Amino acid sequence: MRWSRYPINTTKETPSEAEVISHQLMLRAGLIRRLAAGIYTWTPFGLRSLRKVERIIREEMDRAGALEVLMPAVQPAELWQESGRWEQYGPELLRLKDRHQRDFVIGPTHEEVITDLARRELKSYRQLPANFYQIQVKFRDEIRPRFGVMRGREFIMKDAYSFHASQESLQEGYDAMRAAYVRMFTRMGLEFRPVKADTGSIGGTASEEFQVLADSGEDAIAVSDGADHYAANLELAPALAPAAARAAPSATLAKVATPGKRSIEDVAAFLNVAAAQTLKLLMVESSDGGVIAIAVRGDHELNAVKAQKLPGVASPLRMASREAVLAATGCEPGFLGPIGLRCPVYADHAALALADFVCGANEIDHHYTGVNWGRDVPQPQAVDARNVVAGDPSPGGAGTLAIRRGIEVGHIFQLGRKYSEALQASVLDESGKPLVMFMGCYGIGVTRIVAAAIEQNHDAAGIIWPEPLAPFDVVLVPLNATKAPKVQELSEQLYAELTAAGFEVLLDDRDARPGVKFADAELLGLPHRIVVSERGIDAGQLEYRHRRASENEHWPMQEVIARLRERRRDDPQGGAR
Ligand code: ATP
Ligand code: MG
């Protein structure tokens, strides 16, 4: 492609609406344009990357034996009523009426539609297993669309759904998809981890997310440094009970005045103890409208996903209001403690390992010091209710956890029979009896991947594409071509030769200053840059630079194609093409 024919502008300025680097760079390089909140147009440059992502996904899905379909974006409400999600799905579901006042939704996902197809087409166990996938537009009316295409409202997803006659077959299908995902993300040149994930309200048996590691990621993941290779979403990672026995009490119980000191930081500073020596009581709503206290160590955080699974606790988790806490305990939040507390209490394992600790006295402006379980207050039920922290032992059994940030680009899930039961999707088994099918579902955020790749690969000057996702392989930059006919000629010749040799080349034939061309080339981030200048031609050389390199190389003109081929083979990210 000739850059002169490309009418989308690049910009130097950082767009003020873009918080994360990938969003900034995608706008600056002219890959996407915003139409409305969370709704974007893909420009020709951006679309080339998106198509490369799609191609890799399609190839690996096909290779894994999945069958491509294309389902409608607009879905009749009846199917959603049948599955029960018409009521359950919140305001993220965009509902609309047609001219006959019939209800429809714009699909945020396609379990209902595919299960409808499956119940009509799949009649016998002999047709199983089957796996259908599509690469298609979804709409979710996200409460906070942000980070550009990373969390859009309209976005492209690859969603696949498999159907099986048994749990064993589902497990096999799931394992095959997992392997296909590992291949895809590896081919895309991304640094990623499959992590164990919460199965959420669907309550299936197994679920893993594929997380691209990046500091700006919305998800926290716990990763082991040990041989167990354990990795899980922070929501899910179990915090093990401390192995060592609790220390014996050595301090006497004392009530101390802590005027106005409500937060753990203030209390710890005021009493000159570590936050890890204090007890924090979190008051949550119970499912019968009362409150439940969950005690965690002062320096630990409550884990909402774990907490909402505790018997009696409302799900989804809601923190109790000040009024509810006052009504239930007779005390102000900020001074709560387990001694004499008038509501049910759970305690996290690490909180139960404390001896001689500090906690609220259930009296305004007062705390206790030297508190000990068993001696001063009965020991509550021990639970895992906190987020793991760096340094915790790995639940995988070997190693220590570190906390990293990730961008969820894929999610695979064993659904079991949730949808096939609701929609009565069954086949006849060997003995002619109806058998409700087992299902798996497998999503990938196609548009999100482009942003995630940039989030992981950039520098101060711009994008550094992983080679397999770059809109073009090579940018060819003639300098001052209008004044030097031989520069013009050679550039045209190279453009034709490189293209014929199978490279995707962007020829910067714009009548622009060298500085502008170099800046744009770095911003757009194509892997290989070749500069054609008068001086170079006179020396029989071309100037080459890889986007990751900081120095130019001088290549003999006639060796360009051979050397570029070498580079592509050597590049670990390009090798899989
Ligand atoms: P998230 O926790 O990020 O909201 P999700 O659990 O809702 O994701 P799934 O329903 O599993 O996501 O969808 C499959 C994939 O689609 C996700 O792994 C993610 O990569 C992508 N995805 C989900 N929501 C969005 C969005 N709003 N914008 C872009 N991609 C998205
Ligand atoms: Mg979501």
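The condition of being among the hydrophobic types (A, V, I, L, M, F, W, C), within 13 Å of ligand 1 (Cβ to nearest atom), over 16 Å from G410 (Cβ atoms) and within 18 Å of the chain's Cα centre (by Cα) does not hold for I156. Here I454, I463 are screened, and the one residue that is closer than 25 Å to E191 by Cβ, open to solvent by less than 50 Å² (accessible area, probe 1.4 Å) and within 16 Å of ligand 1 (Cβ to nearest atom) is I454.
Selection of the range 114-134 for residues being open to solvent by less than 20 Å² (accessible area, probe 1.4 Å) and of a type in the set (A, V, I, L, M) yields I114, A118, L122, A130. Restricting to the range 436-485, and then to whatever is small (G, A, S) and more than 16 Å from ligand 2 (Cβ to nearest atom), can you tell me which residue is nearest to G416 (Cα to Cα)? Of everything passing the filter in the range 436-485, G440 is nearest to G416 (Cα to Cα).
Can you spot a residue in the range 566-576 that is of a type outside the set (V, I, T), at pLDDT 95 or above and either open to solvent by 50 Å² or more (accessible area, probe 1.4 Å) or part of a helix (DSSP H, G or I) (or both)? Within the range 566-576, none of the residues are of a type outside the set (V, I, T), at pLDDT 95 or above and either open to solvent by 50 Å² or more (accessible area, probe 1.4 Å) or part of a helix (DSSP H, G or I) (or both).
Residues being over 14 Å from G443 (Cα atoms) and more than 20 Å from the chain's Cα centre (by Cα) are entirely absent from the range 181-196.
Of all residues in the range 91-110, exactly one satisfies the criterion of being away from ligand 1 (no atom under 16 Å from the Cβ) and surrounded by 18 or more Cβ atoms within 10 Å (Cβ to Cβ), namely F104. Restricted to the range 79-197, the set of helices (runs of 4 or more DSSP H) holding at least 3 residues that are within 30 Å of S224 (Cα to Cα) comprises 167-187. Among the residues of the range 148-178, those identified as within 16 Å of ligand 2 (Cβ to nearest atom) and under 21 Å from Y133 (Cβ atoms) are V149, G152, E154, F155, I156, M157, K158, D159.
Just so you know, in the range 1-33 the residues that are open to solvent by 60 Å² or more (accessible area, probe 1.4 Å), in contact (Cβ under 8 Å) with a residue 40 or more places away in the chain and touching a strand residue (DSSP E or B) at 6+ places or on another chain (Cβ under 6 Å) include one that is farthest from Q488 (Cα to Cα), and it is M1. Within this structure, Y368 fails the test of being open to solvent by less than 50 Å² (accessible area, probe 1.4 Å), among the aromatic types (F, W, Y) and under 30 Å from E209 (Cβ atoms). Of the set (1) farther than 28 Å from R151 by Cβ; (2) part of a loop (DSSP other than H, G, I, E, B); (3) open to solvent by less than 10 Å² (accessible area, probe 1.4 Å); (4) not charged (D, E, K, R), all apply to G217 but (1).
The values are calculated or read from the model by the stated rules, or taken from the named source; none is laboratory data. What you see is a predicted model; the values in this text were computed from it and never measured. Backbone-built Cβ (ideal geometry, glycine too); neighbour counts: all protein chains shown. Quick note on the areas: whole protein, heavy atoms, side chains included, nothing else; ligands and nucleic acids left out. Shrake-Rupley method; radii C 1.70, N 1.55, O 1.52, S 1.80 Å.
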